[in-house]
Amino acid sequence: MPDTVIKPSAKAKPRVERPKLYKVVLVNDDFTPREFVVRVLKAEFRMSEDQAAKVMMTAHQRGVCVVAVFTRDVAETKATRATDAGRAKGYPLLFTTEPEE
Ligand code: TYC
């Protein structure tokens, strides 16, 4: 047994904050080929052909579609990489991020 026991003077409040989450949003345009959008969704967001096709068609028909939700850093990195993949081919493909409510 130790001779001296140090008692904390104040109660430590266990604060575990959940990190804020950000949506990656796919934005429709009139120029990027559908198959290319699907390819980018599969490569960058690890989606199956089926999932990617559904997300692409939702954006195509409604204007936008939420792709996935991540911490801020991951969401921004993925949105930038996916947008750059389109830009590299001369397409206006756009992924944006926005905080979840
Ligand atoms: N609208 C495009 C076309 O008809 C396909 C497309 C779908 C582009 C979704 C972008 O986010 C998008 N070729």
Could you check the stretch 28-49 and list, in sequence order, the residues that are under 13 Å from the mean Cα position of the chain (by Cα) and surrounded by fewer than 18 Cβ atoms within 10 Å (Cβ to Cβ)? R46
Among the listed residues R18, R81, which satisfies the condition of being free of Cβ contacts under 8 Å to residues at least 40 places away in the same chain, surrounded by fewer than 18 Cβ atoms within 10 Å (Cβ to Cβ) and over 16 Å from the mean Cα position of the chain (by Cα)? R18
Quick check on V64: is it of a type in the set (A, V, I, L, M), over 10 Å from the mean Cα position of the chain (by Cα) and surrounded by fewer than 16 Cβ atoms within 10 Å (Cβ to Cβ)? yes
Checking F95 against (1) more than 11 Å from the chain's Cα centre (by Cα); (2) within 9 Å of the ligand (Cβ to nearest atom), only one condition comes out false. Which one? (1)
For the stretch 72-101, what are the residues that are touching a Lys or Arg at 6+ places or on another chain (Cβ under 8 Å) and more than 12 Å from F36 (Cα to Cα)? R72, A75, F95, T97, E98, P99, E100
Give the residue, chosen from T58, T80, T32, T71, that is near the ligand (Cβ under 9 Å from one of its atoms) and out of contact with any helix residue (DSSP H, G or I) (no Cβ under 9 Å at 6 or more places or on another chain). T58
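Throughout, read-outs are computed from the coordinates displayed, never taken from laboratory work. This structure is a prediction, so every number in the text was calculated from the model and none was measured. Because the Cβ atoms are built from the backbone with ideal geometry, glycine has one as well, and the counts that use them run over all protein chains shown.
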